[in-house]
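First up is the structure itself, then whatever we jot down about it.
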Amino acid sequence: MTGETVPAGDRRHRGPALYAVEIARSVVRDLHGQLIPEAVLAAFERLIDEDGPLARHPLSGLALTRSLAGKYRWKLGDQQSPWRVIYLVDEDQWAVQVLAIGHRSEIYRRHF
């Protein structure tokens, strides 16, 4: 154990504290409505897994600025990938809410 405290009510603890990952309904619609490459969908599934990077280290994403201040961005796929996930982190509730998934050419203006 790494010495991290376990939030009250968290049901999954054998190791470090994990955040609960929630997916907005709009993301589910986007997943069905966009032509997203299979490799990107696989990367998204790994990202949102209950033991995945968002559950373990949500603050590792890039903190956004200006009108998107308070939100974070995560690249899906390799470093050159144009696919993004936008999300919020609630540190008090140990929760991450995924707000959008999309191509970088559209995601910022279409959703926010």
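The values are calculated or read from the model by the stated rules, or taken from the named source; none is laboratory data. Quantities reported herein were computed from a predicted structural model and do not represent experimental measurements. Methodologically, a virtual Cβ is constructed for each residue, glycine included, from the backbone with ideal geometry; neighbour enumeration extends over all protein chains shown.
Pick from Leu68, Leu59, Leu64, Leu76: which is surrounded by 15 or more Cβ atoms within 10 Å (Cβ to Cβ) and within 12 Å of the chain's Cα centre (by Cα)? Spell out how you get there, then give the answer.
Numbers: Leu68 fails: within 12 Å of the chain's Cα centre (by Cα); Leu59 fails: surrounded by 15 or more Cβ atoms within 10 Å (Cβ to Cβ); Leu64 fails: within 12 Å of the chain's Cα centre (by Cα).
After ruling out the rest, the residue left standing is Leu76.
Going by the conditions given, is Arg12 among the charged types (D, E, K, R), in contact with a Gly (Cβ under 6 Å, 6 or more places away or on another chain) and either assigned to a helix (DSSP H, G or I) or at pLDDT below 95 (or both)? If you could, list the steps in order and put the result at the bottom.
Working: among the charged types (D, E, K, R): yes; in contact with a Gly (Cβ under 6 Å, 6 or more places away or on another chain): no; either assigned to a helix (DSSP H, G or I) or at pLDDT below 95 (or both): yes.
The answer is no for Arg12.
Yes or no: Ala95 touching a residue at least 60 places away in the same chain (Cβ under 8 Å) and either more than 22 Å from Leu35 (Cα to Cα) or surrounded by fewer than 18 Cβ atoms within 10 Å (Cβ to Cβ) (or both)?
On the way: touching a residue at least 60 places away in the same chain (Cβ under 8 Å): yes; either more than 22 Å from Leu35 (Cα to Cα) or surrounded by fewer than 18 Cβ atoms within 10 Å (Cβ to Cβ) (or both): yes.
Yes, satisfied.
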